[in-house]
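*Asks:* Handing you this structure, nothing more for now.
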Amino acid sequence: MTSTTVPRWQRGSTVLLALLTTAVVLLGFARPDRYPPAIRTQLVVQDVLVLVVGVPALLLGVWYAARGSTAGRVVWLGALAYAAYVWLSTGLQVPFTRFFLAYAGLFALSLFTLIGGVLATDPEALRSALEDRLPDRLYAGALAVIAGGLATLWLAELVPATISATPPALAAETGPQALVSHFLDLTLVVPGLAITAGLLWRKRPWGYTLAGVGVVFGALLAPTITGATVALLFVGSVTVPAVAVVFTVLPAVLAVALAVGYLRSLAGGGHDPADRPAGATDAPR
């Protein structure tokens, strides 16, 4: 069965990650100059949403995962993936400040806790819990569409710029740090989603596990993406094409819908020990 215990070091590192994240974000609010002016607004929006969405997801996820909840484990792993992405992105975008080592530590803490949590998960048990309840081909197709849309969005900027040997408009307006998201998405997110879609399409056990982590990651990132886009449109001085807004926000909204459906499939299958009445047991097979 899916691992129903979370090792003590993973529980401790998750709580430490949540506490350090809260401290770094709150301390950062007292130093508004820690971010470059061109991207300050969207990064402050990101910080607020990390506190409001990311930290609660981490703590609630690990709490339920430690009680044996499969859905809680998936939320926990997705929240760790979200934390790793946020702190890697922040560390690469922001010039050196007193927060640099904190960003490095938060990224490392979230990454290695995520790796430990994924390795401790039994993918076969998760597949058996979802195989007859989750529309796996639909989810695989949706993940492939998100990956393809994201790749198209960024390559539509980067390929013409590469051919003409001129910086993309966004980089010209805000500086080279604007391309960090392009780099991370094209090297990590897009390939990860594409591989997961392929595994899920073929009903491979790891496809079900990685799909859950991926859609929860996307759902947690959705408010950050939407908030940053709104900030760019109404507060920032950056030109944002309408097509970029659509292809940025739409996949995020789709990820939320996929995450809700995934977690409902887990809960509806009766495979979540933490959601059962006290004393309830599986029926004999």
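The values are calculated or read from the model by the stated rules, or taken from the named source; none is laboratory data. From a predicted model like this one, the values you see are computed outputs, not experimental measurements. Don't worry about glycine lacking a Cβ; one is built from the backbone with ideal geometry, like all the others, and counts go over all protein chains shown.
*Asks:* Report, ordered by the first and then the second residue, all pairs with beta carbons closer than 7 Å, sequence separation of six or more or different chains, a first member in the stretch 94-118 that is closer than 15 Å to P7 by Cα, and a second member that is part of a loop (DSSP other than H, G, I, E, B) and among the aliphatic types (A, V, I, L, M).
*Replies:* Taking only residues 6 or more apart or on different chains, not a single pair turns up.
*Asks:* Hey, another quick one. Can you tell me which of (1) in a helix (DSSP H, G or I); (2) more than 26 Å from V180 (Cβ to Cβ) is the one V6 doesn't meet?
*Replies:* V6 satisfies every listed condition except (1).
*Asks:* Can you tell me which residue in the stretch 34-89 is nearest to the chain's Cα centre (by Cα), limited to those that are outside any helix (DSSP H, G or I) and among the hydroxyl-bearing types (S, T, Y)?
*Replies:* Residue satisfying both the conditions and the ranking: S69.
*Asks:* Separate question: May I ask you to say which residue of D33, D47 is surrounded by fewer than 18 Cβ atoms within 10 Å (Cβ to Cβ) and among the acidic types (D, E)?
*Replies:* Residue meeting the stated conditions: D33.
*Asks:* What are the residue pairs meeting all of these: first residue in the stretch 179-208, first residue within 17 Å of L88 (Cβ to Cβ), second residue not in a helix (DSSP H, G or I), Cβ atoms under 9 Å, and 6 or more apart or on different chains?
*Replies:* L179/P167; L179/P168; H182/P168
*Asks:* For the stretch 155-166, how many residues meet the condition of being buried (at least 16 other Cβ atoms within 10 Å of the Cβ) and at pLDDT below 90?
*Replies:* Qualifying residue count for the region: 1.
*Asks:* OK, next. Quick one: would you say P277 is modelled with pLDDT of 95 or more and surrounded by fewer than 14 Cβ atoms within 10 Å (Cβ to Cβ)?
*Replies:* no
*Asks:* Another one. Please work out which residue is modelled with the highest pLDDT, limiting yourself to the stretch 115-154 and to residues that are of a type in the set (S, T, N, Q) and buried (at least 16 other Cβ atoms within 10 Å of the Cβ).
*Replies:* The qualifying residue modelled with the highest pLDDT is T121.
*Asks:* Turning to a different aspect of this structure: With the checklist (1) out of contact with any Ser or Thr (no Cβ under 9 Å at 6 or more places or on another chain); (2) β-branched (V, I, T); (3) in contact (Cβ under 8 Å) with a residue 40 or more places away in the chain in hand, flag the one item V25 doesn't pass.
*Replies:* (3)
Matching residues to (1) at pLDDT below 95; (2) in contact with a helix residue (DSSP H, G or I) (Cβ under 8 Å, 6 or more places away or on another chain); (3) within 19 Å of T224 (Cβ to Cβ):
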{"site": "S13", "(1), (2), (3)": "no, yes, no"}
{"site": "L17", "(1), (2), (3)": "no, yes, yes"}
{"site": "P36", "(1), (2), (3)": "yes, yes, yes"}
{"site": "G54", "(1), (2), (3)": "no, yes, yes"}
{"site": "L77", "(1), (2), (3)": "no, yes, yes"}
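*Asks:* Now for a separate question. Restricting to the stretch 103-114, and then to whatever is touching a Leu at 6+ places or on another chain (Cβ under 9 Å) and surrounded by fewer than 20 Cβ atoms within 10 Å (Cβ to Cβ), can you tell me which residue is farthest from R264 (Cα to Cα)?
*Replies:* Looking at residues that are touching a Leu at 6+ places or on another chain (Cβ under 9 Å) and surrounded by fewer than 20 Cβ atoms within 10 Å (Cβ to Cβ), I get G105.
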